[in-house]
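Engineer: Pasting in a structure now, in structure tokens, and then I'll have a few things to ask.
The values are calculated or read from the model by the stated rules, or taken from the named source; none is laboratory data. Keep in mind that what you see is a predicted model, and the values were worked out from it rather than measured. No Cβ is skipped: glycine too gets one built from the backbone with ideal geometry, and neighbour counts run over all protein chains shown. Remember, those area values only see protein heavy atoms, side chains included, never the ligands or the DNA or RNA. Shrake-Rupley method; radii C 1.70, N 1.55, O 1.52, S 1.80 Å.
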Amino acid sequence: MSDALSDDGSDVNHDDTQEDVMTPAELIAKLEEAWLNEKFSPELLENKSEVVECVMEQLSHMEANLQRVKKGDTKASIHRMEIDRIRFVLSSYLRARLQKEKSRGEGDPSLLSPEEFAFAKEYYANTETYLKAIALKRMPPNLQTVDMLKAVPEPCLDSFVFLRVKEKQENILVEPETDDQREYAVDLEEGSQHLMRYRTIAPLVSIGAVQLI
């Protein structure tokens with residue numbers, strides 16, 4: 001999936017042996033889905049570094065194509081608006097992940113790209129150094145150490161989220177609101193929208209069966 005794609009959906013390298021080649025439209029749709037999931041999920045999700053890399057390659061290709069368009073051509077303004085839209089989605093996705101990494105310390109390395117993990121480690125170390133220099137050294141000796149990991153807030157997996165079902169799901173167990181209630185199973189029909197506890201549908205988000213909205 002690392003080969004660049006033209007803005008008309010063709011593979012620039014024309015590699016017929018490659019099987020799962022996405023068109024630019026499908027690629028951008030994947031990025032938009034990842035952004036919304038990351039934006040509305042209370043927890044940090046698995047990184048989509050392959051999608052990010054392909055989108056960045058696609059943007060470079062589109063920029064190069066734009067340079068060849070004659071000045072005054074109406075197509076140029078349309079292509080520029082699309083490039084700006086894609087850049088907005090890409091930056092919004094990365095910003096959503098960055099905010100979660102900063103608020104939750106180093107995070108789970110399995111969910112981060114190498115670049116994200118390096119940033120998280122550096123941010124964690126800098127925060128600890130800053131706290132020690134500014135505040136902790138002025139505290140009583142028994143209060144001059146702090147467990148940074150314990151200070152990291154846990155994501156609220158019991159928060160409610162809106163979702164759209166992409167693939168029909170049967171017998172999804174819904175946790176009771178109170179101890180007096182019992183668990184019950186629901187079927188999620190394709191295309192239907194729901195408001196549900198995130199913990200209930202978190203596995204479905206990870207496999208792409210539902211889309212947070």
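Engineer: Under 20 Å between alpha carbons, and skipping anything fewer than 8 positions from Lys132 in its own chain: which lysines qualify?
Structural biologist: Lys102, Lys121, Lys150
Engineer: I'd like the accessible area for Asp158, computed on protein heavy atoms only with a 1.4 Å probe and all protein chains in place. Round to 10 Å², please.
Structural biologist: The accessible area of Asp158 comes to roughly 60 Å².
Engineer: Per q in 0.13, 0.31 1/Å, what log10 I(q)/I(0) does a Debye calculation on the alpha-carbon atoms of the range 165-213 return?
Structural biologist: -0.29, -1.33
Engineer: Using the Kirkwood radius over C-alpha pairs as Rh, can you work out the diffusion coefficient of the range 61-200 via Stokes-Einstein at 20 °C, viscosity 1.002 mPa s, in µm² per second?
Structural biologist: Stokes-Einstein gives a translational diffusion coefficient of 105 µm²/s.
Engineer: Related question: Given a Förster distance of 41 angstrom, what is the FRET efficiency for Glu46 paired with Lys70, based on the Cβ-Cβ distance and rounded to 0.05?
Structural biologist: The value I calculate is 0.40.
Engineer: Give the calculated FRET efficiency between Ala185 and Val146 to the nearest 0.05, with a Förster radius of 35 Å applied to their Cβ-Cβ distance.
Structural biologist: 0.20
Engineer: Then there's this: Distance in nm between label sites at Lys39 and Thr127, each 7 Å beyond Cα in the beta-carbon direction?
Structural biologist: In this crude spin-label approximation the distance works out to 2.4 nm.
Engineer: Sticking with the crude label model, points 7 Å out along Cα→Cβ, report the distance from Ala118 to His61 in nm, one decimal please.
Structural biologist: Between Ala118 and His61, the label points sit 2.6 nm apart.
Engineer: Subtracting the Cα-Cα distance from 0.36 nm times the residue separation, let me have the gained length for Ser192 to Arg138 in nm, one decimal.
Structural biologist: Net length gain for the segment: 13.8 nm.
Engineer: Related question: At what distance in nm do the modelled label points of Glu167 and Asp84 sit from each other, each positioned 7 Å from its Cα along Cα→Cβ?
Structural biologist: 3.8 nm
Engineer: Note the per residue figure in Å³ for the convex hull of the C-alpha positions in the range 114-180.
Structural biologist: Considering the Cα atoms of the range 114-180, their hull volume per residue is 198 Å³.
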